[in-house]
1. Restrict the search to segment 26-76; then list the chymotrypsin sites (Phe, Trp or Tyr not before Pro) that DSSP places in a loop and that have at most 13 other Cβ atoms within 10 Å of their Cβ.
2. What trypsin sites (Lys or Arg not before Pro) in segment 23-69 are in a loop by DSSP, with at most 11 other Cβ atoms within 10 Å of the Cβ?
3. How would the chain be classified by its alpha-carbon gyration tensor: rounded, prolate or oblate, with rounded meaning a/c under 1.5 and the a/b versus b/c comparison settling the rest?
4. In debye to the nearest 20, how big a dipole does segment 54-111 give about its Cα centre with +1 on each Lys and Arg Cβ and -1 on each Asp and Glu Cβ?
5. Quick one: net charge around GLU72, please, counting Lys, Arg +1 and Asp, Glu -1 for every other residue with C-beta under 14 Å from its C-beta.
6. State to the nearest 20 debye the size of the charge dipole of the chain about its Cα centre, where the only charges are +1 on K and R beta carbons and -1 on D and E beta carbons.
7. Given DSSP loops and a limit of at most 16 other Cβ atoms within 10 Å, what is the longest stretch of the chain that contains no such GluC sites (Glu not before Pro)?
8. Just the Kirkwood number for segment 49-114, please: inverse of mean 1/r across all distinct Cα pairs, in Å, one decimal.
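The values are calculated or read from the model by the stated rules, or taken from the named source; none is laboratory data. Everything quoted here is computed from the prediction, not taken from an experiment. Here Cβ is always computed from backbone atoms with ideal geometry, including for glycine, and neighbour counts include all displayed protein chains. Keep in mind that these areas ignore ligands, DNA and RNA; they rest on the heavy atoms of the full protein, side chains included. Shrake-Rupley method; radii C 1.70, N 1.55, O 1.52, S 1.80 Å.
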Amino acid sequence: MPISMPTFSEVVRQDFVEKCCQEYRMDHNGYHGFHHWKRVLNNGRLLTKKTGANLKVVELFCLLHDTQRLNEDYDLQHGHQAALYAQSIRGVLFDATDAEMDLLMEARTYHTWA
């Protein structure tokens, strides 16, 4: 089944989305795969309009938040691992200021929901 791409932006680009998909070690048709990321991205964009949050940070969080997950059930380290992954691709797949990275790292590090 082909994956429909989200609406592109400064952050959400074909190469970025493809790299995130390649890094994901589980089935994209599972609970935490690409379709989940896309729903989170849509909701994050809506919340950004209401709250004034930094759109770049929200989009990065939405696409990266489960990329390093090891299982569908209980993986408390996937948030921290995604933070490390984000640091490794900064300047390669996306640009962000130090302040934006601080916000992203805080959000990613504390994203531990099962």
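1. Working: sites: TYR31, PHE34, TRP37, PHE61, TYR74; in loops: TYR31, TYR74.
Passing sites in segment 26-76 are TYR31, TYR74.
2. Numbers: sites: ARG25, LYS38, ARG39, ARG45, LYS49, LYS50, LYS56, ARG69; in loops: ARG25, ARG69.
In loop regions of segment 23-69 (DSSP not H, G, I, E or B), the sparsely surrounded trypsin sites (Lys or Arg not before Pro) are ARG25.
3. Details: a/c = 1.36, a/b = 1.15, b/c = 1.18.
The shape class here is rounded.
4. Details: 4 positive and 10 negative charges, 22 e Å.
Value, rounded to 20: 100 debye.
5. On the way: positive: ARG25, ARG69; negative: ASP27, ASP66, ASP73, ASP75.
It works out to a net charge of -2.
6. The calculation lands at about 360 debye.
7. Details: sites that count: GLU10, GLU72.
It works out to 11-71.
8. Working: mean 1/r = 0.0829 Å⁻¹.
When all Cα pairs of segment 49-114 are included, the Kirkwood radius is 12.1 Å.
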